[in-house]
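One structure is given here, and the rest of the page talks about it.
The values are calculated or read from the model by the stated rules, or taken from the named source; none is laboratory data. Given the structure is predicted, the values throughout are model-derived calculations rather than measurements. Cβ placement follows ideal geometry from the backbone for every residue including glycine, while neighbour counts extend to all protein chains displayed. Each accessible area value is taken on the protein alone, full model and side chains, heavy atoms only, with ligands, DNA and RNA left out. Shrake-Rupley method; radii C 1.70, N 1.55, O 1.52, S 1.80 Å.
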Amino acid sequence: MERKFNKQPKLHIKTGDTVVVIAGNAKGQTGVITKVLVEKQRAIVEGVNLITKHVKPTASNPQGGIVKTEGTIHISNLAVSENGKAVRTGRKLNEKGKLQRFSKATGNFI
């Protein structure tokens with residue numbers, strides 16, 4: 001019998017988490033994750049890693065112009081924030097017997 005492996009690994013971050021950027025141009029900035037791209041191992045963080053896009057005029061946007069949007073950041077450059085500090089996370093069973101993320105620094109469930 002062949003083993004079946006999960007193609008999408010569990011990540012240490014998920015949508016809605018408050019994270020700190022620990023490496024790259026945006027190092028030290030914090031924000032909330034708005035979207036996680038699991039296949040590419042990247043995330044979009046609100047207000048972090050702003051990129052400039054030149055937008056052509058369209059029917060919905062007749063003016064066009066220059067727009068600043070959030071770019072993606074690799075998840076290895078992000079850490080979950082607890083009380084403003086980056087913390088490592090793990091998984092352990094909670095009192096209901098379900099796997100839940102916890103902070104390795106404090107031991108509190110996230």
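The C-beta contact set for segment 70-91 (first residue on the phi < 0 side of the Ramachandran plot, second residue among the basic types (Lys, Arg) and open to solvent by less than 70 Å² (accessible area, probe 1.4 Å), distance under 8 angstrom, 6+ apart or interchain) comprises Val80/Arg101; Thr89/Arg101; Gly90/Arg101; Arg91/Arg101. The listed residues are Asn25, Asn94, Asn49, Asn83, and the only one of them that is of a type outside the set (Lys, Arg) and in contact with an Asp or Glu (Cβ under 8 Å, 6 or more places away or on another chain) turns out to be Asn49.
With respect to Lys92, is the statement that it is more than 13 Å from the chain's Cα centre (by Cα), open to solvent by 50 Å² or more (accessible area, probe 1.4 Å) and among the charged types (D, E, K, R) true? Judged against the criteria, Lys92 is a match.
Restricting attention to segment 79-89, the residues being open to solvent by less than 30 Å² (accessible area, probe 1.4 Å) and either hydrophobic (A, V, I, L, M, F, W, C) or touching a Cys at 6+ places or on another chain (Cβ under 6 Å) (or both) number 3. If you scan segment 58-73, which residues turn out to be open to solvent by 40 Å² or more (accessible area, probe 1.4 Å), over 15 Å from the mean Cα position of the chain (by Cα) and not hydrophobic (A, V, I, L, M, F, W, C)? Residues satisfying the conditions are Thr58, Ser60, Asn61, Pro62, Gln63, Lys68, Thr69.
The set of residues in segment 13-40 that are more than 9 Å from the chain's Cα centre (by Cα) and part of a loop (DSSP other than H, G, I, E, B) comprises Ile22, Ala23, Gly24, Asn25, Ala26, Lys27, Gly28, Gln29, Val38, Glu39, Lys40. Just one of the listed residues (Thr106, Thr52) is open to solvent by less than 100 Å² (accessible area, probe 1.4 Å), at pLDDT 95 or above and farther than 18 Å from Val21 by Cα, namely Thr52.
For segment 1-22, which positions are of a type outside the set (D, E, K, R) and open to solvent by 40 Å² or more (accessible area, probe 1.4 Å)? Matches in segment 1-22: Met1, Phe5, Asn6, Gln8, Pro9, His12, Thr15, Gly16, Thr18, Ile22.
For Ser76, state whether it is open to solvent by 50 Å² or more (accessible area, probe 1.4 Å) and within 12 Å of the chain's Cα centre (by Cα). So Ser76 fits the description; yes.
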